[in-house]
Amino acid sequence: MTVLITGGAGFIGSNFIYYFLKKYPDYKILCVDSLTYAGNLSTLEQAMKNKNFRFFKTDICDRSEIYKIFENEKPDIVVNFAAESHVDRSIENPEIFLKTNIFGTQVMMDACRKYGITRYHQVSTDEVYGDLPIDRPDLFFTEETPIHTSSPYSSSKAAADLLVQSYHRTYGLPATISRCSNNYGPYHFPEKLIPLMIINALNNKPLPVYGKGLNIRDWLYVEDHCKAIDLIIHKGKSGEVYNIGGHNEMKNIDIVKLICKYLGKPESLITFVADRKGHDMRYAIDPTKIRNQLGWIPETKFSDGIKKTIEWYINNEKWWYPIISGEYKNYYEKMYSNR
Ligand code: NAD
Ligand code: DAU
């Protein structure tokens with residue numbers, strides 16, 4: 001079995017590669033990643049030592065290079081993680097989001113049609129459903145919730161989802177889609193809430209909370225996401241959408257306070273800054289379908305997962321220090337100074 005994973009030098013894709021190399025020692029694992037600012041080859045250092053793993057520095061929008069890889073490697077399963085993934089960047093510059101997230105998805109699916117695969121899996125997001133009101137804790141996103149996006153990022157992901165569904169219906173492409181809530185864990189890029197707060201707190205820097213910090217996200221440990229995708233690609237039904245989430249809703253401010261407490265840092269580091277434009281209020285996934293149909297349940301409790309994650313950042317400064325010392329400095333300055 002040959003599994004081609006795009007975006008494997010990023011946060012979730014790399015965790016998925018390590019999960020697969022361990023669980024399926026006989027599978028050949030291919031990673032296609034163009035190494036944007038969010039992709040790090042150092043993340044895949046251990047994978048590179050495995051004889052069943054191969055890395056291709058290739059853009060998913062590069063049709064001829066992608067076709068060459070399919071022609072030579074003949075993957076059975078394709079899991080498309082590659083994307084521009086940060087909402088704040090999409091608000092600054094939507095174009096690259098449309099290119100990678102929509103056109104890139106099309107190129108990958110065209111390659112699948114041309115060379116034949118048993119399953120194409122699109123890694124999507126709960127953000128395609130928009131947001132839920134904070135005063136209606138009884139409401140959750142189900143697979144039937146209408147698509148209703150807020151940011152250029154979520155709109156590009158929703159467009160890709162619709163394209164996948166059209167390829168399934170029109171061309172019979174064997175395809176599945178998963179829509180997961182917010183992930184956290186090792187190798188999470190420092191621009192995102194949890195790693196940003198851990199790293200800033202470790203460096204005694206201000207902790208910039210958007211608005212009043214009352215927005216709610218539904219956090220899932222990254223390995224639980226990987227396990228869900230594993231089940232979907234092996235046992236899920238072609239043409240179906242599966243929501244993934246562990247009923248773990250938390251306000252941003254509570255997460256930041258928890259990080260301060262764990263690291264023994266004062267809450268006076270917390271700085272309330274201007275809100276994100278169009279900021280989604282609450283995400284909350286109903287995972288009934290994947291639980292009932294595929295037997296998926298989240299295994300890592302938030303209290304354990306967040307400790308493991310904070311410890312990982314304490315012990316892996318050699319991973320994040322070069323990131324925050326490079327181009328990221330300019331990004332941070334642009335996004336946070338005078339905010
Ligand atoms: P990430 O930003 O950490 O990683 C994205 C990876 O894709 C990077 O390695 C980058 O180099 C690569 N990439 C970007 N453009 C590319 C291109 N044109 N060609 C080839 N490679 C390219 O993202 P992530 O957080 O790991 O998210 C992975 C996927 O999961 C995305 O599709 C995202 O929409 C989805 N998702 C993320 C979350 C989350 O909480 N992080 C939750 C649900 C769904
Ligand atoms: O829900 C799934 C989505 O989760 C994925 O599709 C996205 O790829 C992923 O980036 C994530 O999107 P969010 O916008 O929810 O994640 P982010 O870490 O950027 O922000 C989480 C919350 O924290 C959000 O309400 C904004 C807030 N925030 C974020 C940053 C970076 C702050 O208050 N301060 C910050 O500095």
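The values are calculated or read from the model by the stated rules, or taken from the named source; none is laboratory data. For clarity, every value in this text was computed on a predicted model and none was experimentally measured. Positions of Cβ are backbone-derived with ideal geometry, glycine not excepted, and every protein chain shown enters the neighbour counts. These area figures cover heavy atoms from the full protein model, side chains too; ligands, DNA and RNA do not enter into them. Shrake-Rupley method; radii C 1.70, N 1.55, O 1.52, S 1.80 Å.
Listed values, structure above:
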{"read-out": "Checking ALA228 against (1) without any contact (Cβ under 8 Å) to a residue 40 or more places away in the chain; (2) crowded, with 23+ Cβ neighbours inside 10 Å; (3) not hydroxyl-bearing (Ser, Thr, Tyr), the condition it does not meet", "value": "(1)"}
{"read-out": "Single residue of ARG113, ARG136, ARG169 found to be assigned to a loop (DSSP other than H, G, I, E, B), out of contact with any Lys or Arg (no Cβ under 8 Å at 6 or more places or on another chain) and more than 23 Å from ASP230 (Cβ to Cβ)", "value": "ARG136"}
{"read-out": "Criterion (within 26 Å of PHE81 (Cα to Cα) and within 16 Å of ligand 2 (Cβ to nearest atom)) met by exactly one of LYS277, LYS289, LYS318, LYS334", "value": "LYS277"}
{"read-out": "Check on GLY130, surrounded by fewer than 19 Cβ atoms within 10 Å (Cβ to Cβ) and at positive phi", "value": "no"}
{"read-out": "Output for region 178-213, where each listed residue is near ligand 2 (Cβ under 9 Å from one of its atoms) and farther than 25 Å from ALA158 by Cα", "value": "PRO195, LEU196, MET197, ASN200, LEU207, PRO208, VAL209, GLY211, GLY213"}
{"read-out": "Filter pass, SER178 being over 20 Å from GLU249 (Cβ atoms), polar (S, T, N, Q) and buried (at least 23 other Cβ atoms within 10 Å of the Cβ)", "value": "no"}
{"read-out": "Complete set of residues in region 22-57 that are of a type outside the set (Phe, Trp, Tyr), farther than 15 Å from THR6 by Cα and in contact with a Phe, Trp or Tyr (Cβ under 7 Å, 6 or more places away or on another chain)", "value": "SER42, MET48, ASN52"}
{"read-out": "Residue identified as more than 19 Å from GLY236 (Cα to Cα), part of a helix (DSSP H, G or I) and within 14 Å of ligand 2 (Cβ to nearest atom) among SER150, SER155", "value": "SER155"}
{"read-out": "Residues located in region 279-317, provided they are within 18 Å of ARG217 (Cβ to Cβ), of a type in the set (S, T, N, Q) and either at pLDDT below 95 or surrounded by fewer than 17 Cβ atoms within 10 Å (Cβ to Cβ) (or both)", "value": "SER303"}
{"read-out": "Pairs, first free of Cβ contacts under 8 Å to residues at least 12 places away in the same chain and hydrophobic (A, V, I, L, M, F, W, C) in region 199-214, second surrounded by 15 or more Cβ atoms within 10 Å (Cβ to Cβ) and part of a loop (DSSP other than H, G, I, E, B), C-beta under 9 Å, six or more apart", "value": "none"}
{"read-out": "Selection from region 1-36 of residues that are over 16 Å from GLY104 (Cα atoms) and charged (D, E, K, R)", "value": "LYS22, LYS23, ASP26, LYS28"}
{"read-out": "Hey, GLY239 within 25 Å of THR118 (Cβ to Cβ), open to solvent by 10 Å² or more (accessible area, probe 1.4 Å) and either in a helix (DSSP H, G or I) or in contact with a helix residue (DSSP H, G or I) (Cβ under 9 Å, 6 or more places away or on another chain) (or both) or not", "value": "yes"}
{"read-out": "Hey, ILE259 among the aliphatic types (A, V, I, L, M) and touching a helix residue (DSSP H, G or I) at 6+ places or on another chain (Cβ under 8 Å) or not", "value": "yes"}
{"read-out": "Residue in region 182-197 that is surrounded by fewer than 19 Cβ atoms within 10 Å (Cβ to Cβ), farther than 17 Å from ILE323 by Cα and either in contact with a Gly (Cβ under 7 Å, 6 or more places away or on another chain) or among the β-branched types (Val, Ile, Thr) (or both) present", "value": "no"}
{"read-out": "Residues being part of a helix (DSSP H, G or I), in contact with a helix residue (DSSP H, G or I) (Cβ under 7 Å, 6 or more places away or on another chain) and within 18 Å of GLY305 (Cβ to Cβ) - total across region 172-205", "value": "7"}
{"read-out": "Contacts under 6 angstrom Cβ, first residue in region 129-156 being aromatic (Phe, Trp, Tyr), partner part of a loop (DSSP other than H, G, I, E, B) and away from ligand 2 (no atom under 11 Å from the Cβ), 6 or more apart", "value": "TYR129/THR145; PHE140/ASP286"}
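Condition check ((1) within 16 Å of ligand 2 (Cβ to nearest atom); (2) more than 16 Å from the chain's Cα centre (by Cα); (3) open to solvent by less than 10 Å² (accessible area, probe 1.4 Å)) across all residues:
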site: PRO25; (1), (2), (3): no, yes, no
site: ILE29; (1), (2), (3): no, yes, yes
site: ASN40; (1), (2), (3): no, no, no
site: THR43; (1), (2), (3): no, no, yes
site: ASN52; (1), (2), (3): no, yes, no
site: PHE56; (1), (2), (3): no, yes, no
site: LYS68; (1), (2), (3): no, yes, no
site: LYS74; (1), (2), (3): no, yes, no
site: THR105; (1), (2), (3): yes, no, yes
